[in-house]
1. Distance between Cα centroids, region 433-457 to region 235-298: provide it in whole Å.
2. Could you put H342, H146 in order, starting from the residue whose Cβ has the fewest other Cβ atoms within 10 Å?
3. Once both labels are modelled 7 Å past Cα along the beta-carbon direction, what's the A378-A286 spacing in nm?
4. Calculate the length of the line joining the C-alpha centroid of region 88-133 to that of region 316-381, in whole Å.
5. Restrict the search to region 329-389; then list the chymotrypsin sites (Phe, Trp or Tyr not before Pro) that DSSP places in a loop and that have at most 14 other Cβ atoms within 10 Å of their Cβ.
6. Treat each spin label as a single point 7 Å out from the Cα along the C-beta direction, and report the D296 to A139 distance in nm.
7. Pulled fully out, how much extra length does the chain show between R13 and T346, if you take 0.36 nm times their separation in residues and subtract their Cα-Cα distance?
8. If the limit is 27 Å between Cα atoms, which of K40/K167; K167/K305; K9/K300 go over it?
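Bear in mind that the values in this text are calculations on the coordinates, not laboratory data. Here the structure is a predicted model, which is why all the values come from computation and not from measurement. Note that we place each Cβ from the backbone using ideal geometry, even for glycine, and neighbour counts take in every protein chain shown.
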Amino acid sequence: MISFSRISKQYGRQVLFVDASFQLNTGERVGLVGPNGAGKTTLFRMIVGEEAPDEGDVSVPKKISVGYFRQDVEEMSGRSVLDEAIAGSGRLGDLHHELEALQVAMADPAKADDMDRILARFGEVQEDYEHLGGYGLEAQAREVLHGLGFDDERIDGDVGVLSGGWKMRVAMARVLLGRPDVLLMDEPTNHLDIESIIWLEGFLKSLPGSLLMTSHDREFMNRVVGKIAEIDSGEITVYSGNYDFYERERGIRDTNREAAYARQQAMLAKEQRFIERFSAHAAKAAQVQSRVKALDKIEKIELPKKRRVVKFDFRTPPRSGDLVAVIEDVSKGYGRRVIYDHLNMTIRRGERWCVMGKNGAGKTTLLRMVAGVLAPDAGDIKLGASLTMGYFSQQALDVLDPDLTIEEQLQKDFPAESIGALRNLAGAFQFSGDDIDKKVRALSGGEKTRLVMARLLLNPPNFLVLDEPTNHLDLATKEMLIEALKNFEGTMLFVSHDRAFLRGLSNRVVELGGESGTDSEPHLYLGSYVEYVTRTGHEAPGVHA
């Protein structure tokens, strides 16, 4: 269907593709992986015609429709969420809004002289709209928006008042509603909670078209894709399987390549010794020249590139008292909407509570009250003795100084630490080499998250309160963080949409909204997330996958 034939592409000295080939076939679901800057977004942009290769050909049949969900979302205002979602949904969306405009024109007395043309056009558009299934479009749009976490009030409300993350969901709804032949998705799970991620998994698996996507969510990739295309060192290598299969197969290929490299190096060394030993012997001159020419023709095997993961030994936090936080008869509401009504909950030392719940259930509210950022309307939250708290939220990114470099920020925060210790810390969070000289203002959302987490964990508190700590983190950093926190000897209260994080770290679950997602009473499970899923039969409140 879509093919890349021997493409090459570079920006200045940065080489992205060298004589690379790849094909996306009808109905395939392919995960696109590779280090930051490898060229994943460039590949998307070449498919939609926003970029062209320096050499080679990109073939996209004209008859197919392509939908592209990207991270940079344009300004949205002046419409309801529903209309905005429909507006960008391809041909059907265009017809929907033309019908609305024609209906307004038919009711306008000032256009009476032009009524024959308007009525004729209305008939044509209505026929096309009905033929394409347009009268079910609004219902489909509501279904998709509900799946992405919108309630009816928001769906019918002004899109302009939404935050950037919610506008991102509207942009995704538009692309999904278009049901294109080929769907390109760049990090679709970044702004979604676990309920919406599970819904999106099912939706994507039901689509008949082709899918090419990037994602930092291993579980999501495993469930959705059947192939992995890896971009690395200018090449595109395809693996027939999900992400776990790719990782295993990549490990086997790397091991085989390392062995072949070692054999070739031994052979080359042996040949070089022969050449050096007999280069001055006239009788051996022909043999020496023959071997020199043979060596020149040999294609040298290169060692596989490995992403260097720096190990960092996080320090042991001071011991807290046995009772870390006691929540007594806490109530909290916003206007008429009651979030908590006499909530009681005790968090003890060593417990790792993950907070589950649908959008609006009060997950972030609970964390903010425990962290002391938000006061309850009634009741009390008592923190235990000898407690040091570390609170991470998306707003925590604002504590960084935009005018400092990464290294300067860490030196400012930890003046007593050696440069070596700070560089090692930065390396553990994937800031290596010249990265530490980057200005904070130039960092991406994921890089800022990594830096804030690094600052939080150098001298770890004994009580971590984490609100979506894995947002924007790539797989390698996420896995490093999970491994580091597995050995954390303190207490945790956290919200995460990443199932690897939930599985790897929780030993307690508080479920807001109960199994239906709408119950007023929170349910406390004295077991891990894995046990919670086994016991309830679902991965998130109100979602049965």
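1. Their Cα centres are 40 Å away from one another.
2. H342, H146
3. My value for the distance between the label points is 10.5 nm.
4. Centre-to-centre (Cα) distance: 53 Å.
5. When the chymotrypsin sites (Phe, Trp or Tyr not before Pro) of region 329-389 are filtered for loop state and at most 14 Cβ neighbours within 10 Å, nothing remains.
6. Each label point is offset 7 Å from its Cα along the Cβ direction, giving 7.5 nm.
7. That works out to 114.2 nm of additional length.
8. Among K40/K167; K167/K305; K9/K300, the Cα-Cα distance tops 27 Å for K167/K305.
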